[in-house]
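See below for the structure under consideration.
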Amino acid sequence: MAAEDLTALRLTLELAAVSTLILLVLGTPLAWWLAHSRFRLKAAVEALVALPLVLPPTVLGFYLLVALGTQGPVGRLIDALGGRALAFTFAGLVVGSVLYSLPFVVQPLENAFASIGHRPLEVAATLGASPWDRFWSVAVPLARRGFVTAAVLGFAHTLGEFGVVLMIGGSIPGETRVLSIAIYEHVEALEYGRAHLLAGGLLVLSFALLLVVYSVNRKYVVGKS
């Protein structure tokens, strides 16, 4: 494998790992709230979270480019604070990946939290457990299958994302040129051998990650029966 493709692989794995970690940190409290809230506009929040499932990636990428660019509201704010605009940077890719993969993390977690029901939490409360203790000692262990599914889907979805990263990051070697962009460029240059190598690697890795999800879910179902 060529050095620039190895760099693209490293960058892709880095992006997926960082994005997944951020998604779990942000998505867990959001999923918990969605699973238990009776807020009137909860459906609107759920629709907003799920929007990337139906929104073309280039649309999201375009608006992120507008917002994070040097002339955008976020870009101007960062510039006023002495920072660098996020468009065409690794940090910008992280922002785009987190937003685009949000439903792949929040929805499995929300379903896992909702499936727990109120009874285990009520029992823990009668034993004197605080809300914080009930969450970490009862809810999180019972929702572990949801956490595995969310982490794997968030990671896998970030690996193959193309439209958002192309719009917000372009193709800067060592900074924003991820595997999906590298494959596209190899195909454009009729370098099918190199494209096959990268695409085949992503195919095998994606299959392995999905196999983990289905294996965990199957083990959970068998364990309950």
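Structure notes:
- Helix 3-36 vs. the chain, principal-axis angle (Cα, 0 to 90°, nearest 10): 30
- Gaussian network model of the chain, springs between alpha carbon atoms under 10 Å - residue of Leu77, Leu102, Leu41 with greatest fluctuation: Leu41
- Estimated at 0.36 nm per residue, the fully extended path between Glu4 and Leu142 surpasses their Cα-Cα distance by 45.4 nm.
- FRET E, pair Phe39, Phe62, Förster distance 35 Å, beta-carbon r, rounded to 0.05: 0.70
- Rounded Å value of the spacing that divides the Cα centres of the range 19-70 and the range 124-181: 12
- Degrees separating the helix 192-224 axis from the principal Cα axis of the chain, which is the longest one: 0
- What you get for the chain, charging only the Cβ of Lys and Arg (+1) and of Asp and Glu (-1), is a dipole of about 940 debye around the Cα centre.
- Placing unit charges on the Cβ atoms of the charged side chains and taking the dipole of the chain about its Cα centre, the candidate lying farthest along the positive direction among Phe135, Thr158, His118 is His118.
Here, each number is a calculation from the coordinates, and none is a lab measurement. Remember, predicted model here, so these are calculated numbers, not experimental data. Here the Cβ is made from the backbone with ideal geometry for all residues, glycine too, and neighbour counts use every protein chain on show.
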